[in-house]
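See structure below.
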Amino acid sequence: MTMTVAQPNAIGAPGYTTELPCVRESVRRARALVSNVLAAWGMDDDMADCGKIIVTELLANAVEHTETPVSKVIIERRSNGTVRIGVSDRSHSVPHLKTAALHAESGRGLSLVAEMSSLWGYDTHQWGKVTWAVIDASARREQ
């Protein structure tokens with residue numbers, strides 16, 4: 001059994017960061033981390049479900065579209081009640097929404113992230129980027 005060790009943020013918003021191999025098998029660990037962190041913060045099951053879907057899609061995109069050996073999963077709780085989930089990769093290609101063909105087996109990940117979040121985007125860095133999404137507890141209750 002492999003254990004995921006998450007490091008709490010030393011400064012800034014409360015949160016956790018962990019490094020995972022950028023492989024499909026890491027998605028399960030990323031989902032468990034998001035679920036455990038949101039439960040510890042007292043977030044409801046709907047928000048945890050959204051968070052798990054978002055981290056799944058973001059990490060799957062890093063695995064599928066980049067040659068990154070290790071990705072960071074970042075979970076931050078903001079003072080306004082939102083949670084920001086990010087996944088890093090070493091690619092400088094920016095993510096973009098696309099319309100998948102009706103019977104396509106892929107191509108809907110970012111559309112799903114956009115639907116499940118109140119905001120999504122990416123931050124570029126010299127080493128690559130962090131693609132992120134924000135989920136809002138109050139917005140989830142209204143849907």
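The values are calculated or read from the model by the stated rules, or taken from the named source; none is laboratory data. Remember, predicted model here, so these are calculated numbers, not experimental data. Glycine also receives a Cβ, built like all others from the backbone with ideal geometry; neighbour counts cover every protein chain displayed.
Do the conditions hold for ARG78, that is, is it surrounded by fewer than 16 Cβ atoms within 10 Å (Cβ to Cβ) and without any contact (Cβ under 8 Å) to a residue 12 or more places away in the chain?
Numbers: surrounded by fewer than 16 Cβ atoms within 10 Å (Cβ to Cβ): yes; without any contact (Cβ under 8 Å) to a residue 12 or more places away in the chain: no.
No; evaluated as a whole, the condition is false for this residue.
Could you look through region 21-60, keep only residues that are touching a residue at least 60 places away in the same chain (Cβ under 8 Å) and crowded, with 20+ Cβ neighbours inside 10 Å, and pick out the one that is farthest from LEU119 (Cα to Cα)? First the steps, then the outcome.
First, the residues of region 21-60 that are touching a residue at least 60 places away in the same chain (Cβ under 8 Å): 22, 43-44, 46-47, 50-51, 53-54, 58.
Checking which are crowded, with 20+ Cβ neighbours inside 10 Å leaves us with 22, 43, 47, 50-51, 53-54, 58.
Numbers: CYS22: 24, MET43: 18, MET47: 14, CYS50: 13, GLY51: 13, ILE53: 15, ILE54: 12, LEU58: 14 Å.
Ranking the qualifying residues of region 21-60, first place goes to CYS22.
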* Asked: Does at least one position in region 60-73 carry a residue that is assigned to a strand (DSSP E or B), touching a Cys at 6+ places or on another chain (Cβ under 9 Å) and among the polar types (S, T, N, Q)?
  -> yes
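Can you confirm whether ARG78 is over 13 Å from the mean Cα position of the chain (by Cα) and of a type in the set (Lys, Arg)?
yes
Could you tell me whether region 93-112 includes any residue that is at pLDDT below 95, touching a His at 6+ places or on another chain (Cβ under 9 Å), in a loop (DSSP other than H, G, I, E, B) and not hydroxyl-bearing (Ser, Thr, Tyr)? Talk me through it step by step, then tell me what you get.
Just the residues of region 93-112 that are at pLDDT below 95, to begin with: 93-112.
In the following step, the residues that additionally are touching a His at 6+ places or on another chain (Cβ under 9 Å) were identified as 93, 95, 110.
Now restrict to residues that are in a loop (DSSP other than H, G, I, E, B): 93, 95.
Restricting the remaining residues to those that are not hydroxyl-bearing (Ser, Thr, Tyr) gives 95.
Among the residues of region 93-112, at least one is at pLDDT below 95, touching a His at 6+ places or on another chain (Cβ under 9 Å), in a loop (DSSP other than H, G, I, E, B) and not hydroxyl-bearing (Ser, Thr, Tyr), which makes the answer yes.
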